[in-house]
Amino acid sequence: MQTLAPRLWRYPQASLALVVTALLLFVACATWLQFARDDLDWAWATLSLYLHGPHGLLLRVAYCLLGCAIALLAWTLHAQAQGVARRGLPPALFTVAGLGLATVAIGDSWLPERAPLLAPLVHGLAAQAAFLCATVAMLLQAWCFGHDRRWLSLHRWTWWWAWLSFAGLWLHVLWRSSPRGLGQKLVIALVVGWLLMVAIAAWRRLHKVPAETSGSGHNGSHIQPRETSP
């Protein structure tokens, strides 16, 4: 697994650009639906309820894009990591989270009609796996940042943000009398915000490092001798 990622993600800048685009599209779609679906109470209706009814297909596509973005970001970060910071567990957990989102989106499109008894079970397991794997992977990835000197400036933010997301998830699960929609959407916002922050930071670092490298190489290897007066 440690030798596979560099072969797959040879174009990290393009990968990260796709990740940022997919994340922003998901945010735009989920936010717009809060106003477009006046038949649902945004504070009590979880985001998964918006998968059905008007514009449900749009959200299902956004879910799949989000799942792909999570996995793509995870393996791109894995390919750039070095030393002890290069662990296979974070990208594996992120990939499972992405698959869980895709399962929720695709399963909710046909399971309720063809297998009404199975649909709630598949939805519940896939959604819980997505949330749990994503938040645990965020903590592990933040730990990896702390062991890579190139990511130390981002370590503190990602570490505490990941813990806030993890705690928010369990508060939402255990506090059953809270507004279910609001709690779930806050957790989703924390997770997507963390992913977006990391993706943008990684994209900026890739644009900064080549510039510094090319600049130092130019200055070091193309110094012309200065003519002096005899």
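When the label point is put 7 Å from the Cα of W42 along its Cα-to-beta-carbon vector, which residues of segment 155-195 have a backbone N closer than 17 Å?
Zone members listed by number: 179-190.
Using alpha carbons only, what's the Rg to Rh ratio of segment 54-114 with Rh from Kirkwood?
1.16
If every alpha-carbon in the chain counts as one equal scatterer, what log10 I(q)/I(0) does Debye give at q = 0.08, 0.09, 0.13, 0.16 1/Å?
-0.35, -0.43, -0.79, -1.12
Under the √(5λ) rule applied to the eigenvalues of the Cα gyration tensor, what semi-axes describe the equivalent ellipsoid of segment 95-143? Give them in Å, descending.
Details: eigenvalues 137, 16, 4 Å².
For segment 95-143, the semi-axes come out at 26, 9, 5 Å.
Enter the angle in degrees (range 0 to 90, nearest 10) between the Cα long axis of helix 56-80 and the first principal axis of the Cα atoms of the chain, meaning the one along which they spread out most.
Tilt of helix 56-80: around 30 degrees.
Identify, among I70, L140, L117, the residue whose Cα sits farthest towards the positive end of the charge dipole of the chain, taking +1 on the Cβ of Lys and Arg and -1 on the Cβ of Asp and Glu, with the dipole about the Cα centre.
The residue sitting most towards the positive pole is L140.
Let's test the formula: R0 of 25 Å, r as the Cβ-Cβ distance of R205 and A28. What FRET efficiency results, to the nearest 0.05?
Details: r = 25 Å, r/R0 = 1.02.
The pair R205/A28 has a calculated efficiency of 0.50.
Roughly speaking, to the nearest percent, how much of the chain's 1.4 Å accessible area is carbon and sulfur? Intermediate results must be reported in sequence, preceding the final value.
Numbers: 9030 of 13200 Å².
The nonpolar share, carbon plus sulfur, comes to 68 percent.
Calculate how steeply helix 152-174 sits against the longest principal axis of the alpha-carbon atoms of the chain, using the helix alpha-carbon long axis, and give the answer as 0 to 90 degrees to the nearest 10.
Compared with the principal axis, the helix lies near 10 degrees.
Treating the angle as unsigned and between 0 and 90°, give the value, to the nearest 10°, between the Cα long axis of helix 119-146 and the longest Cα principal axis of the chain.
20 degrees
What dipole magnitude, in Debye to the nearest 20, does segment 83-167 give about its Cα centre under +1 on Lys/Arg Cβ and -1 on Asp/Glu Cβ?
Details: 6 positive and 3 negative charges, 94 e Å.
Computed charge dipole of segment 83-167: roughly 460 debye.
Placing +1 on the Cβ of each Lys and Arg and -1 on the Cβ of each Asp and Glu in the chain, which of G53, M197, P90 has its Cα farthest towards the positive end of the resulting dipole?
P90
If you wrap a convex hull around the Cα atoms of segment 98-204, how much volume per residue is inside, in Å³?
Working: hull volume 11.3 nm³, N = 107.
Measuring per residue, one finds 105 Å³ for the Cα hull of segment 98-204.
What number do you get for segment 36-173 when its Cα radius of gyration is normalised by 2.2 N^0.38 Å, N = residues? Working shown, then result.
Numbers: Rg = 16.9 Å, N = 138, 2.2 N^0.38 = 14.3 Å.
For segment 36-173, the normalised Cα radius of gyration comes out at 1.18.
For the chain, what does -39500 (n - 2.57) per DSSP helix run (n ≥ 4), summed and divided by total residues, give at 222 nm, in deg cm²/dmol to the nearest 500? Could you put the intermediate results ahead of the total?
Numbers: 7 runs with 174 residues, N = 230.
Estimated from H runs of four or more residues: -27000 deg cm²/dmol.
Say we join alpha carbon atoms closer than 10 Å with springs in a Gaussian network model of the chain; which of R114, R205, R180 then has the biggest fluctuation?
Answer for the Gaussian network model of the chain: R114.
Could you work out the equivalent-ellipsoid semi-axes for segment 1-102, taking the square root of 5 times each eigenvalue of the Cα gyration tensor, largest first, in whole Å? Working shown, then result.
Values: eigenvalues 211, 34, 20 Å².
Sorted largest first and rounded, they come to 33, 13, 10 Å.
Which value in nm describes the separation of the simple spin-label points at Y11 and S153, placed 7 Å from the Cα toward the beta carbon?
So the two model labels end up 2.7 nm from each other.
With +1 assigned to the C-beta of every Lys and Arg and -1 to the C-beta of every Asp and Glu, and no other charges, what is the dipole magnitude of the chain about the Cα centre in debye, to the nearest 20? Intermediate results must be reported in sequence, preceding the final value.
Working: 17 positive and 8 negative charges, 125 e Å.
Charge dipole, the chain, about its Cα centre: 600 debye, nearest 20.
In square angstrom, what is the accessible area per residue of the chain with a 1.4 angstrom probe?
Values: 13200 Å² over 230 residues.
On a per-residue basis, the chain sits at 57 Å².
Using 0.36 nm times the number of residues separating R180 and L57, minus their current alpha carbon distance, what extension gain do you get? Write down the numbers at each step before the final one.
Working: separation 123, 0.36 × 123 = 44.28 nm, distance 2.24 nm.
This chain segment gains 42.0 nm when fully extended.
The values are calculated or read from the model by the stated rules, or taken from the named source; none is laboratory data. Given the structure is predicted, the values throughout are model-derived calculations rather than measurements. Heads up, the Cβs are rebuilt from the backbone with ideal geometry, glycines too, and the neighbour counts pull from every protein chain shown. We work out accessible area using only protein heavy atoms, side chains counted, and drop any ligands, DNA or RNA first. Shrake-Rupley method; radii C 1.70, N 1.55, O 1.52, S 1.80 Å.
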